[in-house]
Amino acid sequence: MKTLVALLALFAFTASANAETYEVKMLNRGTAGAMVFEPDYLKLKPGDSVKFIATQKSHNAATIDDMIPEGATPFKGKIDEELQVTFDKPGFYGIKCIPHYAMGMIMLIKVGDDQALPQSYRDHKQPGIAKKRFDDIFSRVDKGE
Ligand SMILES: [Cu+2]
């Protein structure tokens, strides 16, 4: 019995040790231009986490309504605060910085394999530069990147 408990503990440890944490910077200016998440597209395994880092001021990270998998929990970080989120539910997550959404401060997170990007994400009405930047990310998703 003791051996079984020890084995179970080892499995639990291994599972959590395999989960990774990715860092995303929130920037006034990055390599892709002004007001960006860097990187702007991430592919995760279920259980991986993302740490949104307030590298520069006045940014936050929040899920976009209707751009998260069914049953996933929306989140909304506070301005200027680091936020760590664990993504358990497979699918695509559209993320925005609330103050700079129309300036194109968005990103996409894919969790799990074998997910097709839902058409509703492509049809989602995006303000200002967010549309162009999402179209660019979607074309990378389509290429299998
Ligand atoms: Cu911002």
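The values are calculated or read from the model by the stated rules, or taken from the named source; none is laboratory data. Everything numeric in this text was worked out from a predicted model, so none of it was measured. So basically every Cβ, Gly included, is an ideal-geometry build from the backbone, and we count neighbours across all protein chains shown. For the accessible areas, the whole protein counts, side chains as well, though only heavy atoms, and no ligand, DNA or RNA atoms are used. Shrake-Rupley method; radii C 1.70, N 1.55, O 1.52, S 1.80 Å.
The local environment of Lys43, defined by Cβ-Cβ distances under 10 Å, has a net charge of -1 under the rule Lys, Arg +1 and Asp, Glu -1.
Whole-Hz Karplus values for segment 56-67 come out as 10, 7, 6, 10, 8, 10, 9, 6, 8, 3, 6, 10 Hz, taken residue by residue from phi with 6.51 cos²θ - 1.76 cosθ + 1.60 and θ = phi - 60°; glycine and proline positions read x. As an equivalent ellipsoid, segment 27-85 spans semi-axes of 21, 14, 12 angstrom, where each value is the square root of five times an eigenvalue of the C-alpha gyration tensor, largest first. Filter the cross-link list Lys76/Lys110; Lys57/Lys143; Lys25/Lys76; Lys57/Lys131 down to pairs whose alpha-carbon distance in this structure exceeds 25 Å. Table pairs above 25 Å Cα-Cα are Lys57/Lys143.
I'd like the accessible area for His124, computed on protein heavy atoms only with a 1.4 Å probe and all protein chains in place. Round to 10 Å², please. Surface accessible to solvent at His124 totals approximately 50 Å². Surface composition of the chain: carbon and sulfur make up 55 percent of the accessible area, probe 1.4 Å. Scanning the chain for trypsin sites (Lys or Arg not before Pro) lying in DSSP loops with no more than 15 further Cβ atoms inside 10 Å, the longest uninterrupted stretch between such sites is 1-56.
Under 5 Å from the amide H of Asp48 lie the amide H atoms of Glu20, Phe87, each residue being 5 or more positions distant or on a separate chain, with H modelled from the backbone and absent for Pro and chain starts. Over the Cα atoms of segment 16-142, the radius of gyration divided by the Kirkwood radius equals 0.93; this is the Rg/Rh ratio. Within the assembled protein chains, the solvent-accessible surface assigned to Ile79 is about 80 Å², based on a 1.4 Å probe. Heavy-atom accessible surface of segment 16-142, averaged per residue, reaches 52 Å², computed with a 1.4 Å probe. For segment 49-141, GluC sites (Glu not before Pro) meeting the loop criterion (DSSP other than H, G, I, E, B) and having at most 10 other Cβ atoms within 10 Å: Glu70.
Can you tell me what share of the DSSP beta bridges in segment 16-142 is antiparallel? A percent to the nearest 5 is fine. Taking every DSSP beta bridge within segment 16-142, about 70 percent pair in antiparallel fashion.
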